[in-house]
Amino acid sequence: MNTLKDKVILITGANRGIGKSLVKAALEKGAAKIYATSRNLNTMPDFADQRVVTLKLDITNNSQLSEVSAITKDVQILINNAGSLNNGTILGGEISGLEYDMRTNYLGTINMMRAFSAILESNAPSKIVNIVSIVAYSPLPTIAGYSASKAALFSATLSARTELAKKGITVHTVNPGAIDTDMNKESDWEMPSPDGIAKIILDQVENGELDIVPDLMGIQMFNAWKEEPSKLAGIFHDIYHGE
Ligand SMILES: NC(=O)c1ccc[n+]([C@@H]2O[C@H](COP(=O)([O-])OP(=O)(O)OC[C@H]3O[C@@H](n4cnc5c(N)ncnc54)[C@H](OP(=O)(O)O)[C@@H]3O)[C@@H](O)[C@H]2O)c1
């Protein structure tokens, strides 16, 4: 059991959605300190707990990253949750939307791993937990740029896992299906709450699961992919064509 009790954790995008729920779940797990970061501190909820230290951080902003990493040298668990989603297909979507999601989800998360790998090595055993997505395994065409950015992040996460394996840093991927957050506010699917999902994510991190699929829809999609990758592509084909 890799307990989170008494650990120092940094969580990005902690002001809402899954990030906010991860802060609450980490407090319940008995974390010693949580750096809850967000690009706009005015949007940060009051967690009403002195273990939470709020910090301003846009993961695409290198000077903010340097400032934050200089004052968080005790981090033992880095949770890269921040992410963006622009709707659009590969052929019809705005190129600016594809670029934006790639800059945030792929390059922004790589920035974070680079800024914190030396800190995590000095505090080993330590962890990186990257919130990726089930669409890393197969793209959903309506969110094609986002899917590509998450596939790229999945690849980067697996590379980092190998690169850091002998430095005492365990690297996890988290690949949810659909969770009830602002990111899905246009969807009428039945989705689980981020609070329940955050608890499942942290339970599985504690259990040492490397590749975590925390929700039922995600598990069904992952199982289809595992059986035969074209099966998940088929599910997304049917969703895209409304079949
Ligand atoms: N919801 C789902 O179904 C689902 C499924 C699979 C994966 N995920 C992933 O889960 C993570 C959390 O998503 P969510 O569902 O909680 O969505 P959300 O409610 O839209 O929250 C996204 C969070 O990311 C932050 N963010 C975006 N760009 C940022 C940047 N450049 N620097 C720092 N923070 C930034 C947002 O901050 P602002 O408030 O400042 O915008 C917000 O806190 C994302 O990585 C998402 O891709 C979600």
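Computed quantities for the displayed model
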{"item": "Extension gain, SER63 back to ASP49 (0.36 nm per residue minus Cα-Cα distance, nm)", "result": "2.2 nm"}
{"item": "Net length gained if the chain between ASN184 and SER159 were fully extended (0.36 nm per residue, minus Cα distance)", "result": "6.1 nm"}
{"item": "Subset of LYS5/LYS185; LYS33/LYS150; LYS33/LYS199; LYS24/LYS231; LYS29/LYS231 violating a 25 Å alpha-carbon distance limit", "result": "LYS5/LYS185; LYS33/LYS150; LYS24/LYS231; LYS29/LYS231"}
{"item": "On Cα atoms only, tilt of 216-227 relative to the major axis of the chain in degrees", "result": "70 degrees"}
{"item": "Hydrodynamic radius by Kirkwood, which averages 1/r over all alpha carbon pairs of the stretch 83-123, in angstrom", "result": "11.6 Å"}
{"item": "Percent of C-alpha pairs per 5 Å bin, the stretch 95-201, short to long", "result": "2, 12, 19, 21, 20, 14, 8, 3, 1, 0"}
{"item": "For the chain, share of DSSP beta bridges that run antiparallel, in % to the nearest 5", "result": "0 percent"}
{"item": "Calculated P(r) of the stretch 131-189 - Cα pairs past 16 Å, %", "result": "51 percent"}
{"item": "Crossing angle, helix 109-122 versus the chain [Cα axis fit, 0-90 degrees, rounded to tens]", "result": "30 degrees"}
{"item": "Environment charge of MET217, counting only residues whose C-beta is closer than 12 Å and scoring Lys/Arg +1, Asp/Glu -1", "result": "-3"}
{"item": "Rg/Rh (Cα only; Kirkwood hydrodynamic radius) as it applies to the chain", "result": "0.95"}
{"item": "Per-residue [θ]222 nm for the chain (sum of -39500 (n - 2.57) over DSSP H runs n ≥ 4, rounded to 500)", "result": "-13000 deg cm²/dmol"}
{"item": "Cα pair distances of the stretch 141-235 binned at 10 Å [whole percent]", "result": "14, 40, 37, 8, 0"}
{"item": "Inter-label distance for ILE90 and ALA233, nm, one decimal - labels placed 7 Å from Cα along Cα-to-Cβ", "result": "1.0 nm"}
{"item": "Length added when fully stretched, GLU121-SER193, from 0.36 nm per residue minus Cα-Cα", "result": "22.6 nm"}
{"item": "Simple label model, 7 Å out from Cα along Cβ direction - LEU41 to GLU243, nm", "result": "5.3 nm"}
{"item": "Value of Rg/Rh across the stretch 10-98 [Cα atoms, Kirkwood radius]", "result": "1.05"}
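Every number here is computed from the coordinates shown, using simple stated rules; none is lab data. Owing to the predicted nature of the structure, the values given are computational and were not obtained by experimental measurement. Cβ coordinates were reconstructed from backbone atoms using ideal geometry, including for glycine residues, and neighbour counts include every protein chain displayed.
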